[in-house]
Amino acid sequence: MKGIVIYDSKYNTTKEIAEKLRKRRKGMEIFAVEELSPFKLKEADFIILGSPIYYGRLSKGMENLLKDLDFRKRIRGRPLVIFTVSLWKCKKYLSNFRKFLEEERVVMEYSFGGKFGPFDRRKEREIDEFVEILRRSYGN
């Protein structure tokens, strides 16, 4: 199954996670919210949405995308995977996504905590865990 990652990032941590997902999953494409093409949404079997958390909220770019009715129409009925990145690994922030996606099909959610550094093995294990869950659900 083909998936795409749509992310927003302020300090590049969410972008780094999206890039690591692309490297670890065959055929995965990634797009920043401002780069997203409606045509790419058509090709995706499932969609992964990632956002940093600032002051307890999703990024403005992700919130604007999720409020866009055309975007909502294009993703309707497809499996959605959501993840957040915040200073602390805190699942309560996932509710920020869910309030915009009440009618949609969220099949998996994940919360990443802290800044990713080049030698942070714990963070690499978190990404590996996330990718393994995706692999079990969607193959490759």
task: Determine ³J(HN,Hα), in whole Hz, for all residues of the stretch 81-90 in sequence, where each value follows from phi through the Karplus function 6.51 cos²θ - 1.76 cosθ + 1.60 and θ = phi - 60°; x replaces Gly and Pro.
output: 10, 10, 9, 10, 10, 9, 4, 10, 6, 9
- prompt: Which aspartates and glutamates does Lys99 reach when only Cα atoms under 20 Å apart count, and residues fewer than 8 places away in its own chain are ignored?
  reply: Asp8, Glu63, Asp68, Asp70, Glu109
message: Take Lys91 and Tyr54, extend 7 Å from each Cα along the Cα→Cβ direction, and tell me the distance between the two endpoints in nm.
response: 2.8 nm
- prompt: In the stretch 3-138, how does Rg compare with the Kirkwood Rh, expressed as the Rg/Rh ratio over alpha carbon atoms?
  reply: 0.92
- prompt: Spin-label point model (7 Å from Cα, Cβ direction): what's the Val106 to Arg121 distance in nm?
  reply: 3.3 nm
- prompt: What's the center-to-center distance, using Cα atoms, between the stretch 72-100 and the stretch 8-47 in Å?
  reply: 14 Å
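Assigning unit charges at the beta carbon (Lys, Arg +1; Asp, Glu -1) and nothing else, what dipole magnitude in debye, to the nearest 20, does the stretch 3-138 show about its Cα centre? Intermediate values should be presented prior to the final figure.
Numbers: 31 positive and 21 negative charges, 50 e Å.
The dipole magnitude comes to about 240 debye.
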query: Where in the stretch 38-66 does the amide nitrogen come within less than 12 Å of the point 7 Å from the Cα of Lys2, taken along Cα to Cβ?
result: 39-46
task: Can you work out the PRE-style zone for Arg135? Point 7 Å along Cα to Cβ, and I want the residues of the stretch 81-110 with backbone N under 18 Å.
output: none
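Every number here is computed from the coordinates shown, using simple stated rules; none is lab data. All values derive from a computational prediction rather than experimental measurement. All Cβ positions, glycine included, derive from the backbone under ideal geometry; neighbour counts span all protein chains shown.
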